[in-house]
Amino acid sequence: MSYDNIKLPRLQEEDASEQITLEPLRIGGDEMNLAEFPFTLLADRQPSGVDTVEFSDVIKGKDGEVIERTWIVTGAEEFGLPVASDEQVYVALMELTREQGFNSRVIYLTRYELIKRLGWPDKGGSYARLKGCLDRLLGVTITANQAFWDKTKRRYLDVGFHIIDDYALYREPAGRKPRCAPIRQPLSYIAWNQVVFKSFQAGNIKQLDTGFYFGLRSAVSRRLFRYLDKKRLDGKRAFRIGLRKLGFEKLGMSRNYYPSHIKQELARAHQELIDNAFLAGVQYHRPGRDVDEQVLYWFPTGKYQFSADSGQRARVTELLQQLSEVGITRSVAEQLLAQHGEQVQAQLQYLPYRNPHDPAAMLVESIRNDWAPPASHLKAQAEADKARQEAEAERQRQQERRRQQGKRQARKEACHRALERLSPTERQQIEATARRQIQEDNPALAAHPDTTAYQVLFEEYIAELLLPSD
């Protein structure tokens, strides 16, 4: 197959002197397999009667062999399949996980913080929507056959997993949230599934420009951006893929779509990614009869810039507003953002702890000279860390209590099944033996066989007689 007759799109050159280059202010991560295959629907409503979707492809493996990969997504009966907004929650959680160092599968947050990152309104409906998203991410089961690569054993493997294992959401006090206030207890948390987190630890993650992602307007644009952003990692200028493969297996479009319908859905996403300079161009090419039409993507040379309606620009606008409220002029604020992007965010956070006489002057000086965090901020962070540790300890205690309760329930059910298999005579003998043991070990309790305490001990002795010890 030859592409020699296809001309590379000519890139528009811009006057660099008229443009301030801004580094991304929001960077998250993306697990490679979750970027390669869909784990949510493209719509925010689920089709009736559909609880499982399946995707597949064929690749050349690490040692040259042909590998057929399948990716099966099954929603929980009570919550259903994940929908488009659930992908946004995953991306926001990945952003938080990166900020917390990818060193624990448990990440702490507040509901308000997560809602703000998602760009949703601070209203009751958003909080209910967030809980629904987490329920679906908790309940979904992904069966990935030959999709995960084990670096240590150098082979593909089959894996079944959820996205997250558990979560807890605390309701924050009502009222306006201060912009720079430190995080206080209680802290909500989510715990990544151990398969997902092990993949993080194995290095199967890539950076994702979350500001750009959240600035995109459609679910197709966001999903296509995540997929193509992974394909840019090899540094090549172009990437090609079959039209049906892209639509069905990588984006999760309906398999009832004709090629013309896939193109129609892609057209809007392509235009948005081109307008935001992520893509240099898109072309279609049919290599021959009865062969899937190819989509060719051209990436710009160098780092893509950000357009006026991207998530990056929205974040810059917010920071400019915050600097203006402190008393910094627009021209100085733009210069600070262009030269000290990350410091602007940090020093705005530190400013309330410095108790400044002249906030604008102090903020400009602290940004330009990279001042260390004030002691009061460090103290507040230490308190927040302590709160996280206490919340983690409580989470582990609750998890252990649930485990012990489940273990006791399982033992009780096993004992009940064992009793049912006995003849009436054998059962009477077992029960009589248990009563004698109670009489010998606890005569005071034996005198009150109608009490709950007696019944609990009686059932425990029955279990010891019928079941092997742990």
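The values are calculated or read from the model by the stated rules, or taken from the named source; none is laboratory data. If you're wondering where the values come from, they're calculated on a predicted model, not measured in any experiment. With ideal geometry, Cβ positions are generated from the backbone for all residues, glycine too; neighbour counts draw on all protein chains shown.
Collect the residues in segment 95-154 that are β-branched (Val, Ile, Thr) and not in a strand (DSSP E or B), keeping them in residue-number order.
Thr97, Thr110, Ile115, Val140, Thr152
With respect to Ala372, determine if the residue is farther than 23 Å from Ser188 by Cβ, surrounded by fewer than 13 Cβ atoms within 10 Å (Cβ to Cβ) and under 33 Å from the mean Cα position of the chain (by Cα).
Yes; evaluated as a whole, the condition is true for this residue.
As an exercise: evaluate Asp86 against (1) over 19 Å from Lys206 (Cβ atoms); (2) surrounded by fewer than 21 Cβ atoms within 10 Å (Cβ to Cβ) and give the number of the one condition it does not meet.
Of (1) over 19 Å from Lys206 (Cβ atoms); (2) surrounded by fewer than 21 Cβ atoms within 10 Å (Cβ to Cβ), only one is false for Asp86: (2).
How many of the residues in segment 34-71 are under 19 Å from His162 (Cα atoms), acidic (Asp, Glu) and in contact (Cβ under 8 Å) with a residue 24 or more places away in the chain?
Adding up the residues that qualify gives 2.
Which of the residues that make up segment 155-171 are in a loop (DSSP other than H, G, I, E, B) and buried (at least 16 other Cβ atoms within 10 Å of the Cβ)?
The answer is His162, Ile163, Leu169.
Can you say whether Thr110 is out of contact with any Pro (no Cβ under 6 Å at 6 or more places or on another chain), among the polar types (S, T, N, Q) and within 22 Å of Arg226 (Cβ to Cβ), as far as the supplied structure shows?
For Thr110, the condition - out of contact with any Pro (no Cβ under 6 Å at 6 or more places or on another chain), among the polar types (S, T, N, Q) and within 22 Å of Arg226 (Cβ to Cβ) - is not met.
So that you can scan it fast, the table gives a plain yes or no per residue for (1) touching a Ser or Thr at 6+ places or on another chain (Cβ under 7 Å); (2) of a type in the set (Asp, Glu); (3) surrounded by 13 or more Cβ atoms within 10 Å (Cβ to Cβ):
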position: Thr317; (1), (2), (3): no, no, no
position: Ser324; (1), (2), (3): no, no, yes
position: Ile328; (1), (2), (3): no, no, yes
position: Ala333; (1), (2), (3): yes, no, yes
position: Leu337; (1), (2), (3): no, no, yes
position: His340; (1), (2), (3): no, no, yes
position: Pro352; (1), (2), (3): no, no, yes
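Surrounded by fewer than 21 Cβ atoms within 10 Å (Cβ to Cβ), outside the structural domain of Arg45 (by TED's automatic domain parsing) and either under 19 Å from the mean Cα position of the chain (by Cα) or part of a strand (DSSP E or B) (or both), is that true of Leu224?
So Leu224 fails the test.
Restricting attention to segment 51-76, and to residues there that are in a loop (DSSP other than H, G, I, E, B) and at pLDDT 90 or above, which single residue is farthest from the chain's Cα centre (by Cα)?
Asp51
Can you run down the residue pairs with Cβ atoms below 9 Å, 6 or more apart or on separate chains, where the first is in segment 180-193 and of a type outside the set (Gly, Ala, Ser) and the partner is in a strand (DSSP E or B) and at pLDDT below 55?
No pair meets every condition.
Considering only segment 227-258, state which residues are assigned to a helix (DSSP H, G or I) and farther than 19 Å from Ser56 by Cβ.
Residues satisfying the conditions are Leu228, Asp229, Arg232, Leu233, Asp234.
List, please: which pairs have Cβ atoms under 8 Å, are six or more places apart or on different chains, and start with a residue in segment 323-347 that is within 19 Å of His357 (Cβ to Cβ) and end with one that is assigned to a loop (DSSP other than H, G, I, E, B)?
Gln347/Trp371
Any chance segment 267-276 includes a residue that's in contact (Cβ under 8 Å) with a residue 60 or more places away in the chain, buried (at least 17 other Cβ atoms within 10 Å of the Cβ) and either farther than 17 Å from Leu96 by Cα or within 16 Å of the chain's Cα centre (by Cα) (or both)?
Among the residues of segment 267-276, at least one is in contact (Cβ under 8 Å) with a residue 60 or more places away in the chain, buried (at least 17 other Cβ atoms within 10 Å of the Cβ) and either farther than 17 Å from Leu96 by Cα or within 16 Å of the chain's Cα centre (by Cα) (or both), which makes the answer yes.
It is to be established whether one or more residues within segment 188-197 are in contact with a Ser or Thr (Cβ under 7 Å, 6 or more places away or on another chain) and outside any helix (DSSP H, G or I).
yes
Which residue, of Val291, Val332, Val326, Val295, is closer than 21 Å to Phe225 by Cα and either of a type in the set (A, V, I, L, M) or modelled with pLDDT under 90 (or both)?
Being closer than 21 Å to Phe225 by Cα and either of a type in the set (A, V, I, L, M) or modelled with pLDDT under 90 (or both) holds for just one of Val291, Val332, Val326, Val295, which is Val295.
Among the residues of segment 273-283, are any under 23 Å from Asp209 (Cα atoms), modelled with pLDDT of 90 or more and assigned to a helix (DSSP H, G or I)?
Yes; the residues of segment 273-283 include at least one that is under 23 Å from Asp209 (Cα atoms), modelled with pLDDT of 90 or more and assigned to a helix (DSSP H, G or I).
If we keep just the residues of segment 289-303 that are free of Cβ contacts under 8 Å to residues at least 60 places away in the same chain and not basic (Lys, Arg), which is surrounded by the most Cβ atoms within 10 Å (Cβ to Cβ)?
Val295
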